[in-house]
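Take a look at the structure set out below.
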Amino acid sequence: MIEEEWERAFDRAVPLMGVCLGTVSLVIGLMTLTRPLGKRIYYQDGQYLVSVRFPGQWHDLREFIQPSNPEVMAVYSQIGPDPWSLFNWVCENISYQRDIGEFWAFPSEVLAKGTADCEDTSNLLTSLLRCRGINAYTALGDYQGWGHAWVDRAGQIYETTYTRAQPVPDPEHYIPYVLFDDRDVIELWPGALEEVFELGRDEDTKLNLIAEAVGNEVPPECPSCWPFLLVGLVTGGILGTGFAMILQKGEYKG
């Protein structure tokens, strides 16, 4: 392609890219403005909306418990109705991996990846238990001063960061603020949901405390692909910017 054709193609592409980026920014901006700025919790018409996925997205807590999800039902059909077996399956088959920031995965996403953190494994187990109609909830609360999630089944604590199903030796350290399943959200006092998101986050410290309680080593964390993705994005951005500058200056000799 000759130099003039490259320049014409570049001149046509730049406005189109600007329109696309502007449209995306406008949509995200409008979505954000429909909710209180800077808040992660929003109550509306009986919904308990949380911003725990992509910017501008709000989801009711109950959306993360999915007993009717086909992937969840497929696991349930393989393991059977025994609650302890379902608990053990999640512990043995879903490896611990912390979030970058705060990102909640849906049960099918957890099953596809095979990795998750405390709220995602808890939501998956609650979904599996609810397949049978078992009275189980995901609990959000405090573990020795740190934000945490686990499953509550009739007062029994299922700690899904374990590598195998076992009773918790320190139930007094699990202080629930909010319980929820696919039907109900129970705040144990007014404003509890907002308070749970204000608890401290230090996964290393929390996991060490959990491991010390059972006399185990901290389970190995599954390596994240995020660092590689970030490096790729940065490298691609640098190369793309440089190539665009060359085209703009007319230095490319096609």
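Report the net charge of residues surrounding residue 171, where surrounding means a beta-carbon distance below 14 angstrom and charges are Lys +1, Arg +1, Asp -1, Glu -1. Numbers along the way, then the final one.
Details: positive: 153; negative: 142, 152, 159, 170, 172.
So the surrounding residues net to -4.
Starting at 0 and stepping by 5 Å, how many percent of the alpha carbon pairs of segment 162-210 end up in each bin?
4, 15, 18, 23, 21, 16, 3
Let me test this: with uniform point scatterers at the alpha carbons of segment 89-190, what is the Debye-based log₁₀ I(q)/I(0) at q = 0.10 1/Å?
For segment 89-190, the Cα-only Debye profile gives -0.24.
Just how large is the dipole of segment 39-220 about the Cα centre, in debye to the nearest 20, putting +1 at every Lys and Arg Cβ and -1 at every Asp and Glu Cβ? Please report the intermediate quantities before stating the final value.
Values: 13 positive and 29 negative charges, 95 e Å.
Dipole about the Cα centre, nearest 20: 460 debye.
Taking square-rooted eigenvalues a ≥ b ≥ c of the alpha carbon gyration tensor, is segment 133-195 rounded, prolate or oblate, where a/c under 1.5 means rounded and, failing that, a/b exceeding b/c means prolate?
Because a/c hits 1.5 or more and a/b fails to exceed b/c, segment 133-195 counts as oblate.
For the ranges 74-83, 202-211, what's the packing order if you count other beta-carbon atoms within 10 Å of each residue, average per peptide, and put the highest first? Spell out each step's value before the answer.
Numbers: 74-83: 14.1, 202-211: 16.4.
Top of the packing list down: 202-211, 74-83.
Provide, as a two-decimal number, the C-alpha radius of gyration of segment 39-220 over 2.2 N^0.38 Å, N being how many residues it has. Can you show the working numbers first?
Numbers: Rg = 15.1 Å, N = 182, 2.2 N^0.38 = 15.9 Å.
Ratio of Cα Rg to 2.2 N^0.38 Å: 0.95.
Whole-Hz ³J(HN,Hα) for each residue in segment 190-197, computed from phi via Karplus 6.51 cos²θ - 1.76 cosθ + 1.60 with θ = phi - 60°, x for glycine and proline: what do you get?
x, x, 5, 5, 5, 5, 5, 7
Can you figure out the FRET efficiency of residue 156 with residue 73, using R₀ = 25 Å and their beta-carbon distance, to the nearest 0.05?
On the way: r = 24 Å, r/R0 = 0.94.
So, using R0 = 25 Å, E works out to roughly 0.60.
The numbers here are math on the coordinates, done by the rules we state, and not lab data. If you're wondering where the values come from, they're calculated on a predicted model, not measured in any experiment. We place every Cβ from the backbone using ideal geometry, glycine too, and count neighbours over all the protein chains shown.
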